[in-house]
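The values are calculated or read from the model by the stated rules, or taken from the named source; none is laboratory data. Since we're looking at a predicted model, the values are computed, not measured. Glycine gets a Cβ as well: all are built from the backbone with ideal geometry, and neighbour counts include every protein chain shown.
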Amino acid sequence: MNKISVFLDDFREAPAGYVLAETIDECIDLLRDFRIEHLSLDHDLLSKTRNGLMLVQIMIKEKLFANRITIHSANSVGGKAMYNSLKQAQRDFTMPDDITVSLRPLPIHYIPPRALQHYLEIR
């Protein structure tokens, strides 16, 4: 199975070397079909009901994980809910504790070069 890195966002461009998923359905398909090295998630998507938190809940229920997961959402409430759900899954032994989970919000209109370094180091 091929290993890829995935960037879920319907507004920002994916960093170089990442596969862009614009919906949670696209992201779920990638999680099922590939080994994911790094998964970077946004909360707010075009669909107000099918957002990043719903994806995280599906990931936990179906045990679909990546080696590293970053929450890059600028929505502080939604991003923290996603992060906390993943960390709780680790405490509950549903998700392996060797998976690195990071909360690193990105601005909507500009991604600072220092923030991009996080993505370059992970690829």
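Would you call S73 under 18 Å from I99 (Cα atoms) and of a type in the set (S, T, Y)? Explain how you work it out, then say what you get.
Values: under 18 Å from I99 (Cα atoms): no; of a type in the set (S, T, Y): yes.
Spelling it out, it is not the case that S73 is under 18 Å from I99 (Cα atoms) and of a type in the set (S, T, Y).
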Checked pairs for the stretch 60-78, first among the aromatic types (F, W, Y), second surrounded by fewer than 16 Cβ atoms within 10 Å (Cβ to Cβ) and outside any helix (DSSP H, G or I), C-beta under 6 Å and 6 or more apart or across chains, list as F65/I99
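If you check D42, D25, D92, which single one turns out to be of a type in the set (D, E), free of Cβ contacts under 8 Å to residues at least 24 places away in the same chain and out of contact with any Pro (no Cβ under 8 Å at 6 or more places or on another chain)?
Details: D42 fails: free of Cβ contacts under 8 Å to residues at least 24 places away in the same chain; D25 fails: free of Cβ contacts under 8 Å to residues at least 24 places away in the same chain.
Within the list D42, D25, D92, the selection yields D92.
Which of the residues that make up the stretch 13-27 are touching a strand residue (DSSP E or B) at 6+ places or on another chain (Cβ under 9 Å) and either buried (at least 16 other Cβ atoms within 10 Å of the Cβ) or farther than 18 Å from E62 by Cα (or both)? Working first, answer last.
If we filter the stretch 13-27 for residues that are touching a strand residue (DSSP E or B) at 6+ places or on another chain (Cβ under 9 Å), which is where we start, we get 13-15, 17-24, 26-27.
Listed by number, the residues that qualify are E13, A14, P15, G17, Y18, V19, L20, A21, E22, I24, C27.
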* Can you find even one residue in the stretch 84-105 that is of a type in the set (A, V, I, L, M), in contact with a helix residue (DSSP H, G or I) (Cβ under 7 Å, 6 or more places away or on another chain), assigned to a helix (DSSP H, G or I) and at pLDDT 95 or above? -> yes
